[in-house]
Amino acid sequence: METTMEAAWWKEAVVYQIYPKSFCDSNGDGIGDLGGVTRKLGYLKELGVDAVWLCPFYRSPMRDNGYDISDYYGVDPTFGTMEDMEGLLAEAKKHGIVVVIDMVLNHTSDEHPWFKAALGDPGSPYRDYYIFKEGEAPPSNARSLFGGSVWEQAGEGECYFHAFDRTQPDLNWENPQLRQEIYDMMNFWLDKGVGGFRMDAITFIKKDLRFPTLAADQADGMAEVAKSSLNQPGIIEFLREMKDNTYGPRNAMTVAEAPGVPYGDLGAYIGEEGCFSMLFDFSYTDIDLVPHAPWYEEAPWTWGEFKRALFRSQESIQAVGWGAVYLENHDQPRSINKYFERDGLEEKHLYHMGSALATLYFLLRGTPFIHQGQEIGMRNCPFESIGDYDDVNTRDQYKRALEAGHTREEALKVAHRRSRDNSRTPMQWDGSDHGGFSTHTPWLKQHPDWRNQHVAKQLQEEGSLLSYYRKLIALRKSDRWKPVLVHGGIREVPLEQERIVAYIRHAAGRSVLVVANMGKESGEIRIPWTRRILGNYKDLEGEKGGALHIRPYEALVLEITS
C-alpha cells in the first residue's frame, strides 16, 4: 500500500508563482488582476506548469501589498470579484492546473473587523484573538521585522503585538476559538476548489508568552523578534491540529515559509507524518544577508559557502521528506542580479547566467518553483529614487541605513540590491506599450529593458532563456528521466573549482550528472559520461570518459556510468 508521501502528486509538479498585482491587467487600470491570471493560463500550460501559487488576492488596505488581510473571505476589488476567482479556478481545472493560494495566518490587517472590535471594546470576545498587554512601557525590547518596537500603543496604558508592520497585529493562536475560525476559513477555500496553500510566515504563530527582554543586537537597544517568536516550543501541536482539521484529509499540497526550523526538527514539518508537503529553506537563498540584521549589513559570501549551504540543505531534507527548490520569489531580488551582479552583468553572458542558474536549481531534489518573469531572465529594476519604491520594508530599510550613517546614494544602492520590489515589477509580455502588461501606466515602474526582453520575443527564439526553461521542464517530466530527476536521490560531486557546482541524481542503477559553472572563467572536470542530455551551449567540449572543458556560465546535464 502506498504511503501518503509516495502518492503525493506534488512531487512531480512544476509550480509557478503569480504575484497578481504585477502579472497581467485585464481591465486597463494599471494593476494586475484575477482576470489577467485567467487570460494567461494557456501560456502557463504550454510552459509545462502543473500548479500556480497565487499571492494574496483577499480584501486588504494594501499596506503590505495584500499580506495585511482585512477579509479572508472576500476578493479585493483591485483584483476583481468572487465570480472572477471562481472563474479562474474553473478555467485552471480545465487546463489541468492546480491553484494554490497564500494563507497569511500569523497576522491580519488592523482594519480587519476582528481587530476593530477588539480595539473598540476591551470586553469583546475578539480581544483574545490578538495579543494585548497593559502598561505604559513596551513589555519587551523585541524589534519588528519591519523596524521599530513590536509593541504599538492601542490606547491609554495598553499596547498590542506585531512581528511585522504596526498595521499587521499578530493573531493569538493560543485561543482555540480563533484557531477554529481559521480552520473554517481554510475549508471554505478548499471547498471552492483550491488545491492547497502556501503558508506565509507560519513559524511565527507560536510566541514565547513571557516576552523576555533580550540582549540588544543593535544600537537601538532592541533584539530581533525572531529570537523570541520564531519556531517556539509547542508550535507543532498547532500545526498538526490545523492539518487534521483542514488540508490533511484532502491530500492538498502545502508549502511552508518556515524560517528558523533547525534541520533536526524537519521531520515534524515535512516527514512521513509531517505537517506540510514541503517547505522553503532559506539557508542558501539568503546567503547574502546577515541573520537578524538590516540589509545594509551585507554578508560577504563565496561560491564554496553557497555549495556547502545548498548541499547541506538537500541532504538534510532528503533524509526526512520533501523540499521546495527555488531561485526567486516575491520577497527576493532577481537571481541574475543576486548571484552575478558582482561579476558585471555583461549582455553577452545574460542568457548563460540565467540558464546556468536554472539548470543548477531545477534538477535538485524537490518541487521546483518558478517566480513570474524568472523564465525570461527579468532583472532588478534600477529605480532612481526611494520614492519609486512601493514596498514598505524597502522604505524602512532605506530609513535604517540613513540612521546608521549611510549616504542617500549608499542607502539607495542597498534598496536596489535587496528590495522586494525587484521581483514585483510588471511582467514583460511583449514589446508594446507597457510591455503588454496593461493598456494603462502600471502601478510600479517597469524595467527599462522591457521592449527587448519579453515573453513574445523569447517564444520565437529557440536559443532564448524561456525556450531553455521549457526544455528543462520537459526533461524533468519525461518518462525516461522522471524516475531519476524527480524521485531519485542526490549527492554532491566535490570539486576543487569553487565556482563549478556539480551533483549526481541517481535511481535504479541510472545516474545523471548536473554541472553548472557559476563563473566567467573556464574550468575542467574529469568524470566518466556517456551522453549529453541537455546543455546551454550548442556544443560540448570534451570526450566521453575524458576531461570536460566547462566554459563561462556553462551548464550540462549528462548521463554517466553508475
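Throughout, read-outs are computed from the coordinates displayed, never taken from laboratory work. What you see is a predicted model; the values in this text were computed from it and never measured. Positions of Cβ are backbone-derived with ideal geometry, glycine not excepted, and every protein chain shown enters the neighbour counts.
Assorted remarks:
- Under 17 Å of direct C-alpha separation, and excluding same-chain neighbours fewer than eight residues apart, Lys227 reaches these lysines: Lys206, Lys207.
- In this Cβ point-charge picture (+1 for Lys and Arg, -1 for Asp and Glu), region 114-161 has a dipole of about 220 debye about its Cα centre.
- Part-to-part distance (alpha-carbon centres) for region 310-365 and region 242-279, which is given in Å: 23 Å
- Charge dipole of region 489-560 (Cα centre as origin; +1 on each Lys and Arg Cβ, -1 on each Asp and Glu Cβ, all else neutral): 300 debye, rounded to the nearest 20.
- Ranking Ile182, Ser511, Tyr16 by Cα position along the charge dipole of the chain, where only Lys, Arg, Asp and Glu carry charges on their C-beta atoms, puts Ser511 farthest toward the positive end.
- When the C-alpha to C-alpha distance is required to be over 25 Å, the pairs from Lys21/Lys471; Lys21/Lys45; Lys477/Lys538; Lys477/Lys520; Lys21/Lys338; Lys11/Lys45 that qualify are Lys21/Lys471; Lys477/Lys520.
- Evaluating 6.51 cos²θ - 1.76 cosθ + 1.60 at θ = phi - 60° for every residue in region 136-150, the Karplus couplings come out as 6, 8, x, x, 8, 9, 5, 9, 5, 5, 9, x, x, 5, 6 Hz, glycine and proline recorded as x.
- Among beta bridges that DSSP assigns inside the chain, antiparallel share in %, nearest 5: 60 percent
- Relative to the longest principal axis of the Cα atoms of the chain, helix 235-245 runs at roughly 80 degrees.
- Computed from backbone phi, the HN-Hα couplings of region 26-33 come to 8, 10, x, 9, x, 10, x, 8 Hz, rounded to whole numbers (Karplus: 6.51 cos²θ - 1.76 cosθ + 1.60, θ = phi - 60°; Gly and Pro given as x).
- Extreme residue, positive dipole direction of the chain, given options His330, Val557, Ser228 (C-beta unit charges): Val557
- Answer label, with volume of the Cα convex hull per residue in Å³ calculated from the coordinates and candidates (i) 223; (ii) 166; (iii) 149: (iii)
- Cα long-axis angle, helix 392-403 against the chain (0 to 90 degrees, to the nearest 10): 90 degrees
- Each Lys and Arg Cβ is given +1 and each Asp and Glu Cβ -1; about its Cα centre, the chain then shows a dipole of about 1980 debye.
- Where only DSSP H runs of four or more residues are counted, the chain gives -8000 deg cm²/dmol as its mean residue ellipticity at 222 nm, each run worth -39500 (n - 2.57).
- Amide H contacts under 5 Å for Glu328: His371, restricted to partners 5 or more places along the chain or on a different chain, H placed in the peptide plane at 1.01 Å from N.
- Note on the chain: dipole from Cβ charges, positive end direction compared against Gly405, Gln497, Ile317; the farthest Cα belongs to Gln497.
- Here's how it looks for Ile500: its modeled amide H is under 5 Å from those of Met518, which are all 5 or more places away or on a different chain.
- Acute angle (nearest 10 degrees) that the helix 465-477 long axis makes with the longest principal axis of the chain, alpha-carbon atoms: 90 degrees
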